[in-house]
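One structure is given here, and the rest of the page talks about it.
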Amino acid sequence: MKKIGVLTSGGDAPGMNAAVRAVARAALARGMQVVGIQRGYVGLLNREFVDMNARTVSGIIQRGGTCLYTARCPEFRNMDGVLKGKAVCEEIGLEGLVVIGGDGSFRGAGDLSSVGIPCIGVPGTIDNDIQCTEYTIGYDTAMNTAMEMIDKLRDTTQSHDRCSVVEVMGRRAGYIAVNVAIAAGAEAALTLERPYDLNEIAAKMTKTKNEKGGKHHFILVVSEGVGQTENIAREIQEMTGIESRATVLGHVQRGGSPTLRDRVVATEMGYHAVELLEQGIGNRIVGLKNGKVYDVDLQEGLAMKKEFVDRLYDILNETAY
Ligand code: ADP
Ligand code: F6P
């Protein structure tokens, strides 16, 4: 291929810039031209392009967010939008496209591949909820941010002998919640994947509070998909008599300078995407399997099922008290 495009789509994630940089640098090193498409599929349809050279992507590897901006594009969900996207690619001579985003963005990439524009999906979302990969760009940074925030919350929770019920992101997945709960030394993680019993949690809290040398403050981590964080805090307070506060960490988890892991994985994945396009291969998702970068057919990858981290959940429950 002589000319490829790169875009970021869906929710942003720390490390997306590292992936954009790797795509641009690897492609330029192979003699390809690189076009940055701003605001995902919206920018493709509206022709929001930036020509990229090696310096365009200088000084971005350490930055959160995405220098290409991101957006959601309802028009791309139907074939008319996709065909319009194909026509724009042909108009400017784009022979392939790297799509950095989540599974919604990959569906768009699959549709564009099916009409003759080879696309490679690179997983970028803090939720780690893409089935065919062990890891998605942004996950590590987001978890570290949440952990640091909970460490701060613990100071005030402890001073007041309270319970903090903290909501972390993850609309459909509890991976952030269970990992952060372990790392922050929380008493429980409430997720969609595992049934939980508030009465049981409250009983354990009351028991330890009444023991000599028992705990006097508590942290419960709730994944966004469960929601009801205010209600959970109120119910816990009613059941235990322990003053409880709800805190929703929210979008702060999506920002900040990416960790080393996010920068390195993003660079490896972006590089691999260019290697595929260079060979004329499209309709693939790049992922991590057994710790190594690999690629899988886009539709097969989207249909895969990811195991929930049951063992981590068990370990959390058995080490919390
Ligand atoms: P994410 O990529 O993070 O999962 P979204 O689900 O919001 O985020 O998807 C991002 C964009 O990808 C959407 O705004 C739309 O342009 C495109 N997209 C999502 N689902 C589809 C689909 N089924 N077919 C084609 N394009 C889609
Ligand atoms: O998918 C990443 C994510 O941050 C989810 O955890 C969260 O539910 C969602 O995006 C929030 O999306 P928005 O930025 O549109 O509010």
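Straight-line cross-link partners of K204 among the aspartates and glutamates, defined as a Cα under 13 Å from its Cα and at least 8 positions apart when in the same chain: E187, E318.
Among rounded, prolate and oblate, which fits segment 14-90 when a ≥ b ≥ c are the square roots of the eigenvalues of its C-alpha gyration tensor, a/c under 1.5 means rounded, and a/b larger than b/c means prolate? Cα axes put segment 14-90 in the oblate bin. FRET efficiency for the pair K152 and E307, taken as 1/(1 + (r/R0)^6) with r the Cβ-Cβ distance and R0 = 41 Å, rounds to 0.80. Which of rounded, prolate, oblate describes segment 1-141, given a ≥ b ≥ c as roots of the alpha-carbon gyration tensor eigenvalues and a/c under 1.5 marking rounded, otherwise prolate only if a/b is larger than b/c? Since a/c reaches 1.5 but b/c is at least a/b, the shape of segment 1-141 is classed as oblate. The modelled label-to-label distance for the pair V248/A29, using points 7 Å beyond Cα in the direction of Cβ, is 4.4 nm.
Under 24 Å of direct C-alpha separation, and excluding same-chain neighbours fewer than eight residues apart, K207 reaches these lysines: K215. Count charges around V248 for me, please; just the other residues with Cβ under 10 Å from its Cβ, Lys/Arg as +1, Asp/Glu as -1. For residues surrounding V248, the net value is -3.
For the chain, averaging the sequence separation of C-alpha pairs within contact (under 8 Å, six or more residues apart) and dividing by the residue count gives a relative contact order of 23 percent. Taking Cα atoms only, the orientation of helix 79-92 departs from the longest principal axis of the chain by about 50 degrees. Report the label-to-label distance for E200 and A54 in nanometres (one decimal), using points 7 Å from each Cα along the Cα→Cβ vector. Taking the two extended label points, one gets 5.8 nm. D12 contributes about 40 Å² of solvent-accessible surface, heavy atoms of the protein only, 1.4 Å probe. Within the shell of other residues whose beta carbon sits under 11 angstrom from the beta carbon of G270, the net charge comes to +1, with Lys and Arg scored +1 and Asp and Glu -1.
Annotation: per residue accessible area for the chain equals 43 Å², rounded to a whole number [probe 1.4 Å, protein chains only].
Could you grab the Rg to Rh ratio for the chain? Cα atoms only, Kirkwood for Rh. Here Rg/Rh amounts to 1.06. In this structure, the pairs whose alpha-carbon distance is over 31 Å, taken from K152/K212; K2/K84; K3/K292; K3/K289; K3/K305, are K3/K305. Taking the 1.4 Å solvent-accessible surface of segment 33-123 as the whole, the part contributed by carbon and sulfur is 49%.
Taking Lys and Arg as +1 and Asp and Glu as -1, the other residues whose beta-carbon sits under 13 Å from that of L198 total -3.
Accessible area per residue (1.4 Å probe, heavy atoms of protein chains only) ranks C163, C67 as C67, C163, with the largest value leading.
Helices in the chain, meaning DSSP H runs of at least 4 residues, each add -39500 (n - 2.57). Divided by all residues, the mean residue ellipticity at 222 nm is -13500 deg cm²/dmol. When peptides 244-253, 128-137 are ranked by their average number of other Cβ atoms within 10 Å per residue, the highest-first order is 128-137, 244-253.
Taking a ≥ b ≥ c as the square roots of the eigenvalues of the alpha carbon gyration tensor, segment 1-40 is oblate, as a/c is not under 1.5 and a/b does not beat b/c. Each DSSP beta bridge with both residues in segment 1-112 is either parallel or antiparallel, and the antiparallel ones are about 30%. If the chain linking K84 and H160 were pulled fully straight, counting 0.36 nm for each residue of separation and taking away their Cα-Cα distance, it would gain 21.5 nm. Per residue, the average separation of C-alpha pairs within less than 8 Å and at least 6 apart gives segment 139-254 a relative contact order of 40 percent.
The values are calculated or read from the model by the stated rules, or taken from the named source; none is laboratory data. Predicted, not measured: the structure shown is a model, and the values here were computed from it. Note: ideal-geometry Cβ built from the backbone for every residue, glycine included; neighbour counts use all protein chains shown. The accessibility values were calculated without ligands, DNA or RNA, using every heavy atom of the protein model including side chains. Shrake-Rupley method; radii C 1.70, N 1.55, O 1.52, S 1.80 Å.
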